[in-house]
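The values are calculated or read from the model by the stated rules, or taken from the named source; none is laboratory data. Keep in mind that this is a model prediction, so the values were computed, not measured. Glycine gets a Cβ as well: all are built from the backbone with ideal geometry, and neighbour counts include every protein chain shown.
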Amino acid sequence: MPPGRTRYARDKKARIDQVVEISQEIIENQGYESLTMNLIHKRTRIPVGTLYKDFPDGKADILLEIARRFGDDFAAVGTPVDEGVLRNYVFHALDVGRSRRKILIAIQMETLNDPDGILRKTRDMAPEYDITSFEKIVQYVVGHPLSTKQVFEMLGVWKAVVRQHIIFRNLYGSDEEFLSMITKIIKGMGA
């Protein structure tokens, strides 16, 4: 092997972790437009064909994997849920999103580029999500149990509204105003 070349991970999970890490770095430092499979290949030494085998739709699939991992940054919400837990959950989501604003912009760009494709893929990924904490939050807000379908519908709205608030730098006012607004939206959806 020539000097300076690193060996790519042959284990699929390790390889995907490597691609996600490098892709996030590229998006944060150079912008989503700079993210290409060739650049990922150059940075990881993973053959382009293997990249497409792991991510058939290229950078859109990589971005969805990054988005899926956002949920890993949320601590489990215990019981009982109260106003303080709700407030902490929402404000933590905003803090996490703000720390990854460029990633959220990339997700929005990809969503606008192919809304039906992204929606289909996120629905396919739904069984992989642990929605337990979000479910506790929304059930606290609406005051009664919800079906899994209702929770996923609320999660979709939640993600879109949070993303817009962050991308457009407090689009819905202060974080307190945002908390009030998102609570009303969830109550309305759960009525």
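Quick look at the values:
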read-out: Among residues of the stretch 57-91, those that are closer than 29 Å to ARG120 by Cβ and in a helix (DSSP H, G or I), counted; value: 17
read-out: Selected residue (only one of VAL77, VAL81, VAL48 is in contact with a Ser or Thr (Cβ under 7 Å, 6 or more places away or on another chain) and hydrophobic (A, V, I, L, M, F, W, C)); value: VAL77
read-out: Selection from the stretch 7-56 of residues that are hydroxyl-bearing (Ser, Thr, Tyr) and either buried (at least 18 other Cβ atoms within 10 Å of the Cβ) or in a helix (DSSP H, G or I) (or both); value: SER23, TYR32, SER34, THR44, THR50, TYR52
read-out: Qualifying residue in the stretch 122-142 (condition: of a type in the set (Gly, Ala, Ser) and in contact with a Lys or Arg (Cβ under 9 Å, 6 or more places away or on another chain)); value: no
read-out: Residue under evaluation LYS59, criteria (1) farther than 14 Å from ILE107 by Cβ; (2) surrounded by 13 or more Cβ atoms within 10 Å (Cβ to Cβ), criterion not met; value: (1)
read-out: Among (1) at pLDDT below 95; (2) within 17 Å of the chain's Cα centre (by Cα); (3) among the polar types (S, T, N, Q), the one test that SER23 misses; value: (1)
